[in-house]
1. How high is the relative contact order of the chain, given as a whole-number percent (alpha carbon pairs under 8 Å, six or more residues apart)?
2. With unit charges on the beta carbons (Lys and Arg positive, Asp and Glu negative) and the dipole taken about the Cα centre of the chain, which residue among Gly138, Gly250, Pro107 sits farthest to the positive side?
3. Given H placed on each backbone N at 1.01 Å, which residues far from Gln215 in sequence or on other chains put an amide H within less than 5 Å of it?
4. Mind jotting down the three principal axis lengths of region 238-353 based on Cα atoms? Whole angstrom, largest first.
5. Using a simple charge model, +1 on the beta-carbon of Lys and Arg, -1 on the beta-carbon of Asp and Glu, nothing else, what dipole does region 4-228 show about its Cα centre, in debye to the nearest 20?
6. Determine the calculated [θ] at 222 nm for the chain from helices alone, applying -39500 (n - 2.57) to every DSSP H run no shorter than 4 residues and normalising by the residue count; nearest 500 deg cm²/dmol.
7. Quick one: what are the phi-derived ³J(HN,Hα) couplings along region 306-315, Karplus 6.51/-1.76/1.60 with θ = phi - 60°, whole Hz, x for glycine and proline?
8. Compute a Gaussian network model of the chain, connecting alpha carbons closer than 10 Å, and tell me which residue from Asp249, Asp317, Asp77 fluctuates the most.
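Each value in this text was obtained by applying a stated rule to the coordinates, not by laboratory testing. Just so it is clear, the structure is predicted and the values come from calculations on it, not from any experiment. In this analysis, Cβ positions are derived from the backbone assuming ideal geometry, glycine residues included, and neighbour counts consider all displayed protein chains.
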Amino acid sequence: MAGIEVTALHKRYPDGTVAVEQVDLSIGHGELFVMLGPSGCGKTTTLRAIAGLERQTTGDIRIGDTLVNDLPPAERDIAMVFQFYALYPHLKTRDNLAFPLRAEGLPKSEVLKRVDEAARLMRLGPLMDRRPRQLSGGEQQRVALARALVRRPRAFLMDEPLTNLDAELRADMRTEIKHLQGELGATMVYVTHDQVEAMSLGHRIAILNKGRVEQIGTPLEVYDRPASLFCAAFIGSPPMNLIEVEVADGALRAQGGLALTPPPGLSRDCHLVAGVRPEALEVTAPGAERSVPARVVSAEWLGDEIIYVVDHGGQHDVRVRMPPTVRFAADAQVGLRHTGGTPVVYDVSTEELVA
């Protein structure tokens, strides 16, 4: 296995479209590194450049100690798993796994050894004599992962591999991939637009937006302190509430009176927005201690929790996460209060974190 270094990566297409702009990544040996962002943000283009499937306009890519800018994909010693499994439909599972090894000309004994090892890791024993059409989506994805494993590459690159699976299978396969990566100590670069995948899988996450890296950090870091308004609005389900505030009487105050504790060292000479997670707010009965008047716009019942959308001071989309035992009807007059710690604060003009 090997680490991956991406330096000043830039990709411009002939029509002038810039897909990736000055991306720098340092992916450690044995790290499960996730690139997260909306469609068109440049994450797949970056992954394909690492794989050699796209030629960058400028910038350098190193896999281990090797500069791979001019190497074709076959010489980069990586394995790629795609959204579409790309299994050979006429071959049984056993032969799908063996195909890349036979193409390399490995001895039959080595091919059998590696195929058996990958089949054991991915629990494919009962499926070895089935063709792809006889496999479920989850089984096909396990075969695709096993086919990548048999090559023993320096790094695994995964491009939204779970998108075509239903919710239950996605959860199962996330567990499979995380367990596999831990057991192998493999370097994995995983691309997704699904923040649940990113947060549950990644040792670190790079959040991309419009071809640029907005933030790199652990799941806890990007959740607790998003580096920009884009990250704050993108990470979390529901996302962070972004509430316009001003500094007054030693507190951050929103229109309508909601008071928040200001972070230390906060500058007062810019237009401020406070980022408050839905779980750091509480919907109460009207007039409750430290609450301000609000109105329930809607309630989303999710079994183990309720997501309230409330109108406070003219802001109609403040989201609050509450236990299912606390129930208010739509249009009810309620109280709203802040129960969490110090919020994060952004400068509206730069959209960057200031405190």
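1. 16 percent
2. Pro107
3. Ile207
4. 41, 26, 23 Å, listed from the longest principal axis down.
5. So the dipole magnitude of region 4-228 works out to roughly 680 debye.
6. That calculation yields -7000 deg cm²/dmol at 222 nm.
7. 10, 9, 8, 10, 10, 9, 9, x, x, 8
8. Asp249
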